[in-house]
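Participant: Before anything else, here's the structure in question.
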Amino acid sequence: MLVHHTRKQQADDKFDMISGTNGLLGAADGAFLLQKDKRTGDAATLDVSGRDQQDQRFCLKRNAERLVWDLEKVEAEIHTEPKEPVLDAVAMKINEDTPEWEGSPAALVEFLGLDIKPNTLTYKLNVNASRLLHEHHIRYESSRSHSGRKVKLHYEKTE
């Protein structure tokens, strides 16, 4: 993380106000720009931009008692992941009634009834394993041995 300052001259794009060359912002994966309208004011905006996050603006108010910034509103909707049909297909089969499944990726394709290659299925599950656990409470494990790849799915009950 690099903390840097802005120049005083205003710009149409607030991120152009980051002091120094454009290379500084270009080399970073993202930037957060905190600005107050008045130096002595208690209202501020936090603009967020970057490669891996949606551009957003957070309106903040300084809480003088706790010495923190409280969120007043968000001017851009927080990014939500698009639906992943593979996760929904897994959730339809792995649940309280069928809490566990174990086998090869090819057997999993057949079990789910999907028209997808086994390596594509395991790729999608590897990339979305945390999402599968968070959204559907299904733990995904993948292992490889001399006999081939093995996939294990386990439904975790929520209290």
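Participant: Pick out the one residue from Leu125, Leu60 that is surrounded by 16 or more Cβ atoms within 10 Å (Cβ to Cβ) and under 30 Å from Lys38 (Cβ atoms).
Facilitator: Leu60
Participant: Taking Tyr155 as the residue in question, decide whether it is among the aromatic types (Phe, Trp, Tyr), open to solvent by less than 60 Å² (accessible area, probe 1.4 Å) and modelled with pLDDT of 90 or more.
Facilitator: yes
Participant: Please go through (1) in contact (Cβ under 8 Å) with a residue 24 or more places away in the chain; (2) closer than 16 Å to Val151 by Cα for Trp69 and return the number of the only condition it doesn't satisfy.
Facilitator: (2)
Participant: Of these, Ser130, Ser104, Ser143, which one is of a type in the set (Ser, Thr, Tyr), on the phi < 0 side of the Ramachandran plot and either open to solvent by less than 50 Å² (accessible area, probe 1.4 Å) or modelled with pLDDT of 95 or more (or both)?
Facilitator: When all the criteria are applied, what remains is Ser104.
Participant: Please determine whether any residue of the range 73-86 is among the polar types (S, T, N, Q), outside any helix (DSSP H, G or I) and open to solvent by 100 Å² or more (accessible area, probe 1.4 Å).
Facilitator: Scanning the range 73-86, I find at least one residue that is among the polar types (S, T, N, Q), outside any helix (DSSP H, G or I) and open to solvent by 100 Å² or more (accessible area, probe 1.4 Å), so the answer is yes.
Participant: I need the full set of residues from the range 37-55 which are open to solvent by 30 Å² or more (accessible area, probe 1.4 Å) and at pLDDT 85 or above, in order please.
Facilitator: Across the range 37-55, the qualifying residues are Lys38, Thr40, Asp42, Ala43, Thr45, Leu46.
The values are calculated or read from the model by the stated rules, or taken from the named source; none is laboratory data. All values reported here derive from a predicted model rather than from experimental measurement. Here Cβ is always computed from backbone atoms with ideal geometry, including for glycine, and neighbour counts include all displayed protein chains. These accessible areas exclude ligands, DNA and RNA; they are computed on the full protein's heavy atoms, side chains included. Shrake-Rupley method; radii C 1.70, N 1.55, O 1.52, S 1.80 Å.
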